[in-house]
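The values are calculated or read from the model by the stated rules, or taken from the named source; none is laboratory data. The model shown is predicted, which means the values in this text are computed figures rather than measured ones. Cβ sites come from the backbone with ideal geometry, for glycine too, and all protein chains shown count toward neighbours.
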Amino acid sequence: MVQQVLINNDDYYVPDANQLVTEDDTPVDNFASEKQQRLLVGSLYSSLQQQTFLAAANVGIYHTDGQPAIVPDIFLSLDVQVPENWWEKQNRCYMVWRFGKPPEVVLEIVSNKEGDELGKKLQIYEHMRASYYIVYDPNQQLGEQVLRVYELRGRRYFETSENWLEQVGLGVTLWESTFEDRQDTWLRWCYQDGTVLLTGDERAEQERQRAEQAEQRIQLLADRLRAMGVDPDTL
């Protein structure tokens, strides 16, 4: 049992963070999962700059006193942010009692049959009351479905065919294209119209193309003026 401490001289107890394992240096399991995690987290921070949220990969969530942390591949929690001093023991991972709520979205990427994503992990996230639980199974280790979305209704998860997460204002979609020079099918966040959230590199490339197109339009206009006997450099 985790040691408890009294705070604020009242009857509200929280576990002592000094007794918790906030990191154990366990490495990411494979290249594909690491890249997929980076795509999901990076596109959120690149595209939702006007919103307050916390998204992370492979960071532990402490949800119940006396129970070990669970470490989702990705989580998204709205209207919270990492405390200023994130090196303090109590700020190094997501403790539900400190943030005041569980994350809205937890996501697991299946790489083998040992993770028990549809069993124990589902039960933990359901008990934790995360609004959505997403299981991405690119190699179909758990069955024919590549993508499963569970929505919390009351106290239980129900699988839904809807990939739009109404409570967070985002959706998920499968995207066949290239990310960091790797052609594959990727899981992406998307808006309601299906447009994916861009990474920083994608946003920079989009701006580069817009600038190039603008330069081409200017050059075309200059050529037309010259054809009319007008020197555009004198205008």
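Selection of first residues in region 214-235 that are polar (S, T, N, Q) and of second residues that are modelled with pLDDT under 85, restricted to Cβ pairs under 6 Å at least 6 apart or on distinct chains, gives an empty result.
Of the strands (runs of 3 or more DSSP E) lying entirely inside region 144-235, the ones with 1 or more residues being basic (Lys, Arg) are found at 147-153, 156-160, 182-190. Scoring GLU166 on the criteria (1) in contact with a strand residue (DSSP E or B) (Cβ under 9 Å, 6 or more places away or on another chain); (2) over 22 Å from GLU34 (Cβ atoms); (3) in contact (Cβ under 8 Å) with a residue 12 or more places away in the chain leaves a single failure, condition (3).
Of the residues making up region 180-216, those that are farther than 30 Å from MET128 by Cβ and of a type in the set (A, V, I, L, M, F, W, C) number 4.
This table checks each residue for (1) outside the structural domain of LEU170 (by TED's automatic domain parsing); (2) modelled with pLDDT under 95; (3) not hydrophobic (A, V, I, L, M, F, W, C).
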| site | (1), (2), (3) |
| --- | --- |
| GLU114 | no, yes, yes |
| LEU118 | no, no, no |
| TYR132 | no, no, yes |
| ASP137 | no, no, yes |
| GLN140 | no, no, yes |
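Any residue at all in region 121-135 that is more than 19 Å from PRO103 (Cα to Cα) and without any contact (Cβ under 8 Å) to a residue 60 or more places away in the chain? Looking for residues that are more than 19 Å from PRO103 (Cα to Cα) and without any contact (Cβ under 8 Å) to a residue 60 or more places away in the chain, one finds none in region 121-135, hence no. With the structure loaded, tell me whether ALA130 is assigned to a loop (DSSP other than H, G, I, E, B), surrounded by 11 or more Cβ atoms within 10 Å (Cβ to Cβ) and on the phi < 0 side of the Ramachandran plot or whether it fails that test. It is true that ALA130 is assigned to a loop (DSSP other than H, G, I, E, B), surrounded by 11 or more Cβ atoms within 10 Å (Cβ to Cβ) and on the phi < 0 side of the Ramachandran plot. Inspect region 183-205 for any residue being assigned by TED's automatic domain parsing to the domain that holds LEU48, touching a helix residue (DSSP H, G or I) at 6+ places or on another chain (Cβ under 9 Å), farther than 21 Å from PHE53 by Cα and not charged (D, E, K, R) and give the result as yes or no. Yes - at least one qualifying residue is present in region 183-205. Once region 46-81 is narrowed to residues that are touching a Leu at 6+ places or on another chain (Cβ under 6 Å) and among the aliphatic types (A, V, I, L, M), the residue that is nearest to LEU187 (Cα to Cα) is ILE74.
The number of residues in region 159-177 that are among the hydroxyl-bearing types (Ser, Thr, Tyr) and surrounded by 15 or more Cβ atoms within 10 Å (Cβ to Cβ) comes to 1. Taken over region 50-100, the residue count meeting the criterion of being on the phi > 0 side of the Ramachandran plot and without any contact (Cβ under 8 Å) to a residue 60 or more places away in the chain is 3.
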